[in-house]
1. Do we find a residue being within 14 Å of chain B (Cβ to nearest Cβ), assigned to a loop (DSSP other than H, G, I, E, B) and not hydrophobic (A, V, I, L, M, F, W, C) anywhere in the stretch A:539-546?
2. Filter the stretch B:467-504 down to the residues that are assigned to a loop (DSSP other than H, G, I, E, B) and either open to solvent by 10 Å² or more (accessible area, probe 1.4 Å) or under 15 Å from residue B:236 (Cβ atoms) (or both) and list them by number.
3. Please determine, by comparing only the residues of the stretch A:171-196 that are of a type in the set (S, T, N, Q) and more than 7 Å from chain B (Cβ to nearest Cβ), which one is surrounded by the most Cβ atoms within 10 Å (Cβ to Cβ).
4. Could we say that residue B:240 is of a type outside the set (S, T, N, Q), surrounded by 22 or more Cβ atoms within 10 Å (Cβ to Cβ) and without any contact (Cβ under 8 Å) to a residue 24 or more places away in the chain here?
5. Give the number of residues within the stretch A:125-169 that are within 7 Å of chain B (Cβ to nearest Cβ) and not charged (D, E, K, R).
6. Which of the residues spanning the stretch B:111-138 are in contact with an Asp or Glu (Cβ under 6 Å, 6 or more places away or on another chain) and open to solvent by less than 30 Å² (accessible area, probe 1.4 Å)?
7. Are any residues in the stretch A:486-496 over 30 Å from residue A:253 (Cα atoms) and touching a residue at least 40 places away in the same chain (Cβ under 8 Å), and if so, which ones?
8. Looking at A:208, A:204, which one is touching a His at 6+ places or on another chain (Cβ under 8 Å), open to solvent by less than 20 Å² (accessible area, probe 1.4 Å) and not acidic (Asp, Glu)?
Protein chains: 2
Amino acid sequence: MYRTHNCGELRMDHLDQQVVLSGWVQIGRDLGGMTFVDLRDRYGITQLVFNMDDNDELCQKARKLGREFVIKVEGVVKERASKNPNRPTGDIEIIVSSMDILNASLVPPFTIEDESDGGDDLRMKYRYLDIRRNPVKENLIFRGQLAFQTRKHLTENNFIEVETPVLIKSTPEGARDFVVPSRMNPGQFYALPQSPQTYKQILMVAGMDRYFQIVKCFRDEDLRADRQPEFTQIDCEMAFVTRDQILDTFEGLTKYLFKAMLDVDLPEFPKMAYDEAMKRYGSDKPDTRFGMELVEMNDLVKGHGFGVFDSAEYVGAICAKGIAEKYSNKDLKGLTDWVMRPQIGAKGLVYIKFNADGSIKSTIGKFYSDDVINGWKDALGAEIGDIVFMLSGETEKTRKQLNELRLEMGNRLGLRKAGEYNPLWVVDFPLLEWDEESNRFHAMHHPFTSPKKEEVSRMLDGDHETMKSLKADAYDLVINGVEIGGGSIRIHDRALQQKNFDLLGFTKEEAESQFGFLMGAFEYGAPPHGGIAFGFDRLCAVMNGVDSIRDFIAFPKNNSGRDMMIDAPSLIDEDQLDELNIKLTTEVEV
Amino acid sequence: MYRTHNCGELRMDHLDQQVVLSGWVQIGRDLGGMTFVDLRDRYGITQLVFNMDDNDELCQKARKLGREFVIKVEGVVKERASKNPNRPTGDIEIIVSSMDILNASLVPPFTIEDESDGGDDLRMKYRYLDIRRNPVKENLIFRGQLAFQTRKHLTENNFIEVETPVLIKSTPEGARDFVVPSRMNPGQFYALPQSPQTYKQILMVAGMDRYFQIVKCFRDEDLRADRQPEFTQIDCEMAFVTRDQILDTFEGLTKYLFKAMLDVDLPEFPKMAYDEAMKRYGSDKPDTRFGMELVEMNDLVKGHGFGVFDSAEYVGAICAKGIAEKYSNKDLKGLTDWVMRPQIGAKGLVYIKFNADGSIKSTIGKFYSDDVINGWKDALGAEIGDIVFMLSGETEKTRKQLNELRLEMGNRLGLRKAGEYNPLWVVDFPLLEWDEESNRFHAMHHPFTSPKKEEVSRMLDGDHETMKSLKADAYDLVINGVEIGGGSIRIHDRALQQKNFDLLGFTKEEAESQFGFLMGAFEYGAPPHGGIAFGFDRLCAVMNGVDSIRDFIAFPKNNSGRDMMIDAPSLIDEDQLDELNIKLTTEVEV
């Protein structure tokens, strides 16, 4: 037997008990005739004591233990002379009477401590050491428990978890597929699912009524901190439901998860139309933890001889409260440079400083008198002590820039508070986006999204311009400016689905060969249905106030899609290629 | 709103309530001035009544409903004149006041009834209709609930579910990998995991202590009824445990699942060594629901001048109780033909019939007197009325043939009872199998399996012959003759792992390039660990007394690895191939 207890559970209740513990040597300290070893496992740390006077040989052996050695000890639980109130086991220690070294350890490339991670490359290569560190370990445990709580809540609400296939069919729509050559079907390929979208709809046609799955999805796209080639979704679908029933159901799930995992009571989730979100925040995923909303200034600023504003399609402003005294010219210059970086792309930054003495300092004083500017105060919600920032240009682009500036100012002013959660349903998205370049429509959500009920006849009969204004019965769940989930009411009618494929530029043959099975299914009694998918990795991150999803993935890939620990992908044998009826068109080093 | 209740929940308690129901038309019956429609959803069937006298138009509309039309009705709950005690909703019916047809349906290729499935090909192509059938639907619900109960029990026992990657590294050991070309790493490939074996061991090195995952695994092998290219495992690993602690833990899980899902109390699981199982049953996965064990007859039968037995390495027998009168010469001839089929491969079948009158009829009467044969009775456990069957030849082969014969007789005699569950741990497997053909050892379980503790020094120092006799610390869970799970204590020492790779014919370079990360991890404080994996699809099947795992998979593939519904795999675009730096070496029809 390796242990009677783990390293996190002994307390004063256990005094004088004979116990066996196993774990890793966190650190050893020699003090005179005593050696103290902190023994660590997943559950905690327990202090071991070796006494030279009691057992010289054993104590000498303990002194030779290196960090991360794996040992098993037997001993008796005693009260500590100097207790450690920061550690749940801090009242006791183990007076060790025997010890086995179960495994030695080389000196690890970084110490197993909260703040010592050795940098990203080392962390990934030695992920087994990285996971021993508390923050990473706790993240993985959080993720596991979040998955369990999700399943518990959905199961209790009559959802059935159904596993859908991983080896499916490649469809050029959407992101790039990972493909898998089929040995048994030469020249043919499976694809890994970007999501189980069509399967979950098929399950609704199949009468499963309420489906969910926590499921791996795959996209062969260029990577960044919040994107991985494989990621996990909480994937859900319901039949015979209205949009609001879906929103209620998953608002319920979200509230349940925040309560169960964080003991946070979320407020009611407000609903905001896409158009309103774009107008007020310049974003379809606004962080509503703070105000600083976009104010359209067109009517106020035009006709004063300032050409830039006069010629702009859109002039917008945000008001940063109480920073007039804090922000020097240099700060403002810095912020101007920030908005002019290519990532933001503004051509310049207009600011208006409402000084404490009532004076105004602005970059547009030449064109607007202080009286005129003071007249804007109400519209801007500005007061003495504030700075207003203004951007102008093409509407959509400028709103996006203002959104970036708003978020940046929110960060700088500490308005995006950790531990505060503001959920929001964004609804009524456009159904289609016109793409000038490819001269066709793209689905804003995906090709299976239904237009709102009142739009169906417009969609079936309308002209090209009508299509641009169609609203989808689609919705996103946004928390603190992060899109946590998205979904829609689906089309369940063959003719409407065919019409949508037409609009999206599919030929009849393409639509049939790729999605014929789904349109076929719609002819055999498809019920009205809709659903949602949550980005599970991202949900973990947002609940913990963290940006990177990698911290919640046990074995993430780097930006080149490599697993640094196992060193994948890798070359494969010529024989394997032959069997799969493929060959490389690129030279590789062997 | 589509419904106030589902089609399975209305009872006498709901009398006179106004309700809205939605679902599928199971069947309609016109009786005089009334039309009855059975409305079905996942939860049940409710009878709808349309009355010509009350609403002629509505009743006419109802008469035109086809099977599988999707409708929504509003009406009032009334007590039925003639109740249907076989249906939970059978006491009531809905007097319909209004109806919407939500979707029409073509005439389905088979009716949605328990016994009508239209054959395998139609079932798979129209899987969305097949799943509407109760037996398939119930199987999927069973599977979903079994997964949930598994997670619940393991979570309550401190196991953490950790998701391991799907895009990993190809290793030629074991079955054939499915591979995925990497666009970002030209010429390189990911592989889909045959199991998360190395990752779960890494998680033990990482200190996760108790890991589990219900996870998709992939093998590119030729298919049959109980094998799919993608299948699901309950994958588990524990650190600081002995074999018996692992067996206790997963005996606990199995008992919990049988109780929770089937209300079956399983008995204690006996343990049987591999050698004993082979001796007594001729199989390492014996069905222990019945006796009819193999009896080795060598000492009794040799030296009586019967050349076949005298020259055989092994002569074995089974005794089929009480069938002497039932089994005619023709039956015995049939059974002889059965064992001589190539799938079994016996050269003939010796039988001894202990007739009711005390006489003996046998195929070996020429060599053995009745007295001699009667003298075998004790050893055989044979009595008057029994038939004894004997086979002879090379030991291992003959035992396997006797095992097949035993199972066949068990089936014929109804000894393999549905609803009876006999679990068994088979332990102490050989570590290595010598393969004459390739002139090297194969791992009986897998290359990471530890020899039993007392064998380690023999393994490190022994000669070639010693290796053949090494016992592994490996175990299988067998229920009713089906291997439900298997696992082992793992090697956690670099030198021993290296030695095992040597024995398995890996060069140092191969071992390093394929498993260097794992051996590296063993040098940084790897704890003793072990685990198990359950075949989840098979567990579903065995718990339901079914042979085929396909019945428990929502969207299985056929024997050519095809998804008949979505028609995958399929051709992909030339552009896709180019991006992946591969081309086909086979001609395909476009």
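1. no
2. Selection gives B:469, B:473, B:480, B:481, B:492, B:493.
3. Checked the stretch A:171-196; the qualifying residue surrounded by the most Cβ atoms within 10 Å (Cβ to Cβ) is A:194.
4. Taking the combined requirement at face value, the residue does not satisfy it.
5. Looking only at that region, the number is 16.
6. Matches in the stretch B:111-138: B:123, B:136.
7. A:496
8. Among A:208, A:204, only A:204 is touching a His at 6+ places or on another chain (Cβ under 8 Å), open to solvent by less than 20 Å² (accessible area, probe 1.4 Å) and not acidic (Asp, Glu).
The values are calculated or read from the model by the stated rules, or taken from the named source; none is laboratory data. Nothing here was measured: the structure is a model prediction, and the numbers come from that model. No Cβ is skipped: glycine too gets one built from the backbone with ideal geometry, and neighbour counts run over all protein chains shown. For accessibility, only protein heavy atoms count, side chains too; no ligands or nucleic acids. Shrake-Rupley method; radii C 1.70, N 1.55, O 1.52, S 1.80 Å.
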